[in-house]
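Contents: one structure, followed by commentary.
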């Protein structure tokens, strides 16, 4: 449908609701807020930043991910037109374009946002300090029960994990909770309760992102059995200078010398129900191979692939560069990975050589694909959005990836389908443009608050 | 002068490798430092309040914050100063995180370095001058250059947002490459169904002024206030007077190859610009029309029963003002004659993929019947990566669309010519988008054979064209004859956009496409404020990605229009006209075209809206006539002296 043919809304609340605070939601929020409209950005986690915050370097320019992301996070956090709600989930949406009525559940953080200075004394004092696997570090690093997901988190406020904190699970923690004693501003409040607030919004941008494919669903790759078989995102944390190993690529204290990457794990694979290509794995694998080569120049690196899909700007050039770094590209994904002594054996058929191979490895990295969020169905039902056959939200028409079948609700980023960062950012700006076309109607009527 | 120094721990980010207390005590020792404090997170609300309280009670004049990079929190702390009634530029940041604690392991030495950086910041703080940013009004209009799908969509979005748009297209019709496609991937929908409603919407939108047969000839100004000169080629056939009878075309003696059908069909010099398209009014191709060679012919003008043809008409130049500009100039198609080994210019049975689109399109020269040399081909080869991923022609990059459009064309062929044998020769199959892998799969299921290894040559044997190459999977050479070979020609930078590039001073990526300012987080912005990119002018991309990007470019371009004003950063260069000799060296180093020679006074002038304060000109000026506000020579030398003193201390 052409835009001009769309009906004129009788009423337009000049507020945009953005669901999800990853790079897509952040970009959409900034683009809308910079135009002078109010944005309510709702993020389930205690911080914005999403998956991009977890990445080490970005392809193909090898920019440090958090270095380029953090200023944007700070901008979102400080924007006078953006109301940031972390630890919050949209639970209900009624109404229609111009006047959506939205219910948001604010989960308790157990830390007063206004009082916490982010000083870290509570986390240092926590009796479970460095005992709880950090979600941000994909379980490779450890955190306390009261924690900040990562140093650059926005807001710079601590949060208590209700599933681990002794006060919240058992009602007591020693004689008195040490975090509370350590806190200089009396910011910790175990009595915080979840609350539900309601608000009105004229438009909604859905930017709920993706999940990583669970490599355990490919048991032949031994992901759950062997500690030196990692997923792509786990490798990012292992490789990151700010990660749990400070960027040294070690397994059990030993530097790895033989690394095999396996492409298309959970993508282009009907046996796990994912026929689609995840669009980023080829490039992130090539980047990861380069990072190993940089850190361990004598490491033997092999990438097992089906097709190398280096399609974006500067990607083919980067692929070429990494080939010249003596990274071996072997066509043919392995059929199984098993252990012989301490060494991993990667077995498959090289379709170019027409013969089988067995490669020894100290580390295998599985290029795990991008899958729809596990709550896509539920969120889709709440918003009245259908999903496509592969499970991501369905765009309005094949080529209109931003609009949905519901007027006033737009898609940004990987919730629509896998895509890399520049494509996500471009699409998020696109969602903002579409949202502002509606919001502008409130403006022209002079009802902007 | 009273200076306050604030040293941040940044949790443990700084404190782990820098002795923050020692740095604070060191700062206290400076004679003009009235107060020095450390705090865990200076950027937190309590940290900011700490500074505000001190400014009020201690009457501080200058503030030094030793913390993270100024790109992170300079704005935060400038706001703190503003709120306290101080000029926001009375702030100096000492970066003791990115440039100190994060990169040094030795706590002792890192602490010493942090002290040096704080010393230097204090030394500069003395000399800081008050600066004020200015605001300028804007023209609430956008100029969109290029009338393909990207430009059309961007124009629609801007128009729908309530702003005026000028959509400038050099061809006589809108629609770009897309209007010439038969079907689109992955669902084989008719391309016309996608593009025609959008063209109609753009033509009928009250906010959008469409200028076809028009080119941007000059641009000046800066974000918020650009002025463009548009050359409007004469439309020799009046659209209002012409009734589309076609008699003019009948009498025209000139025949020439036509661009619209990619050279598949001959056209007259006066012709319908888009067969089956939106207009029944012919246009004249001046390059081949005899009248415009030697005035030897005016038959069309004479024959026209409506007297709608006016060969004496002249081109016009129109000036338009716009606040922002979107560049959507698209791409060209790789010239397959450059791959002589593939025989494109030798054999009729070797065609390009765009030609295949025209041959299968109902509006094409054969009305959608795929006929080659009078025969319906029985065996068809599709060849990937012609002009892409090929350093021998200078194109290392992947064209991003050819794999999937080939899958589409192969599938179309297997559906419409069920008896044909279809083989695709590939390097990698890059069907990465939503529904693309499924399309590839469907083509394979319908019997399309995929063979890894593109041919190294194509030659003729009897009635067939023979492809010779190596099958990488079988590890064997092949020689296979076909009735038709279709070359999946890649996308290359637009030749016609090069003059525009020069006008806008846009930088290019190594692949020759326009360069975005940041490849990850600012894919739509250019180095010039107020100028944005949409579509394939930035790099090859498919329709879905182009549309997403076009919406995005519209968002970027309307931000300043919604704001209604632009702020001019005061941290920019300024010229001492008494010293400037007008030598123009600065003009050559300026990336932003902010410097111009005043021809009367023979001195350089700075366009404050364009200057970004990068510092290139002031360091290039041989006479020292240019300085950069906030980074003036005395301010920088004071920092250098302080750092040298620091070295002496150790």
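The values are calculated or read from the model by the stated rules, or taken from the named source; none is laboratory data. Since the model is a prediction, treat every value here as computed from it, not as a measurement. With ideal geometry, Cβ positions are generated from the backbone for all residues, glycine too; neighbour counts draw on all protein chains shown.
Quick notes on this one:
- For the criterion of being at pLDDT below 95 and within 28 Å of the chain's Cα centre (by Cα), residue B:613 passes.
- Looking at B:83, B:113, B:109, just one residue is without any contact (Cβ under 8 Å) to a residue 12 or more places away in the chain, out of contact with any strand residue (DSSP E or B) (no Cβ under 9 Å at 6 or more places or on another chain) and not assigned by TED's automatic domain parsing to the domain that holds residue B:554, and that residue is B:109.
- Residue in the stretch B:525-538 that is under 25 Å from residue A:49 (Cα atoms) and at the interface with chain A (Cβ under 10 Å from one of its Cβ atoms) present: yes
- In this structure, residue B:536 qualifies as within 30 Å of residue B:207 (Cβ to Cβ) and either surrounded by fewer than 21 Cβ atoms within 10 Å (Cβ to Cβ) or modelled with pLDDT of 95 or more (or both).
- Checking each residue in the stretch B:25-49 for being assigned to a helix (DSSP H, G or I), over 42 Å from the mean Cα position of the chain (by Cα) and surrounded by fewer than 17 Cβ atoms within 10 Å (Cβ to Cβ) picks out B:25, B:28, B:49.
- Note on the stretch A:41-51: residues that are surrounded by fewer than 24 Cβ atoms within 10 Å (Cβ to Cβ), within 22 Å of residue A:83 (Cβ to Cβ) and out of contact with any strand residue (DSSP E or B) (no Cβ under 7 Å at 6 or more places or on another chain) amount to 1.
- The stretch A:142-173, residues that are within 14 Å of another protein chain (Cβ to nearest Cβ) and either closer than 24 Å to residue A:212 by Cα or out of contact with any strand residue (DSSP E or B) (no Cβ under 8 Å at 6 or more places or on another chain) (or both): A:143, A:147, A:148, A:149, A:150, A:151, A:152, A:153, A:154, A:156
- Restricting the stretch A:354-374 to residues that are assigned to a loop (DSSP other than H, G, I, E, B) and exposed (fewer than 14 other Cβ atoms within 10 Å of the Cβ), the residue that is modelled with the lowest pLDDT is A:354.
- Tally, over the stretch B:420-479, of residues that are touching a residue at least 12 places away in the same chain (Cβ under 8 Å), within 14 Å of chain A (Cβ to nearest Cβ) and at positive phi: 2
- Subset of the stretch B:577-631 [touching a strand residue (DSSP E or B) at 6+ places or on another chain (Cβ under 7 Å), more than 27 Å from residue B:504 (Cβ to Cβ) and crowded, with 16+ Cβ neighbours inside 10 Å]: B:625, B:627
- Members of the stretch A:186-221 found to be surrounded by fewer than 22 Cβ atoms within 10 Å (Cβ to Cβ) and at positive phi, listed by number: A:186
- Per-region count, the stretch A:154-185, residues more than 18 Å from residue A:106 (Cα to Cα) and assigned to a loop (DSSP other than H, G, I, E, B): 13
- Meets criteria (over 20 Å from residue A:383 (Cα atoms) and without any contact (Cβ under 8 Å) to a residue 40 or more places away in the chain) for residue A:132: yes
- Where strands (runs of 3 or more DSSP E) fall wholly inside the stretch A:186-265, the ranges with 3 or more residues that are closer than 20 Å to residue A:336 by Cβ are A:229-231, A:258-265.
- Residue list for the stretch A:222-239, restricted to those being surrounded by 18 or more Cβ atoms within 10 Å (Cβ to Cβ), farther than 17 Å from residue A:274 by Cβ and touching a helix residue (DSSP H, G or I) at 6+ places or on another chain (Cβ under 8 Å): A:229, A:230, A:235, A:236, A:237, A:239
- Looking only at residues of the stretch A:375-395 that are part of a loop (DSSP other than H, G, I, E, B) and away from chain B (no Cβ under 11 Å), we find that the one that is surrounded by the most Cβ atoms within 10 Å (Cβ to Cβ) is A:385.
- Test: residue B:408 is within 14 Å of chain A (Cβ to nearest Cβ), surrounded by 19 or more Cβ atoms within 10 Å (Cβ to Cβ) and part of a loop (DSSP other than H, G, I, E, B): no
- The single condition among (1) in contact with a helix residue (DSSP H, G or I) (Cβ under 8 Å, 6 or more places away or on another chain); (2) part of a helix (DSSP H, G or I); (3) without any contact (Cβ under 8 Å) to a residue 60 or more places away in the chain that residue B:619 does not satisfy is (1).
- Picking from residues in the stretch A:302-341 that are part of a loop (DSSP other than H, G, I, E, B) and touching a residue at least 60 places away in the same chain (Cβ under 8 Å), the one that is farthest from residue B:514 (Cα to Cα) is A:333.
- Boolean, residue B:20 is at pLDDT 95 or above, within 17 Å of residue B:120 (Cβ to Cβ) and over 39 Å from the mean Cα position of the chain (by Cα): no
- Condition check for residue B:307 on (1) within 27 Å of the chain's Cα centre (by Cα); (2) within 29 Å of residue B:249 (Cβ to Cβ): one failure, at (1).
- Matching residues in the stretch B:292-310 - criterion: being surrounded by 14 or more Cβ atoms within 10 Å (Cβ to Cβ), farther than 16 Å from residue B:268 by Cα and touching a helix residue (DSSP H, G or I) at 6+ places or on another chain (Cβ under 8 Å): B:310
- Residue match in the stretch A:269-280 (condition: assigned to a loop (DSSP other than H, G, I, E, B) and within 13 Å of residue A:366 (Cβ to Cβ)): yes
- Residue in the stretch B:51-64 that is at pLDDT 90 or above, in contact with a helix residue (DSSP H, G or I) (Cβ under 9 Å, 6 or more places away or on another chain), under 21 Å from residue A:115 (Cβ atoms) and crowded, with 18+ Cβ neighbours inside 10 Å present: yes
- Some residue of the stretch A:89-101 being within 21 Å of residue A:152 (Cα to Cα) and touching a residue at least 24 places away in the same chain (Cβ under 8 Å): no
Yes/no matrix, rows are residues, columns are (1) modelled with pLDDT of 95 or more; (2) under 20 Å from residue A:376 (Cβ atoms); (3) more than 14 Å from chain B (Cβ to nearest Cβ):
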| position | (1), (2), (3) |
| --- | --- |
| A:214 | yes, yes, yes |
| A:222 | yes, no, yes |
| A:234 | yes, no, yes |
| A:251 | no, no, yes |
| A:264 | yes, no, no |
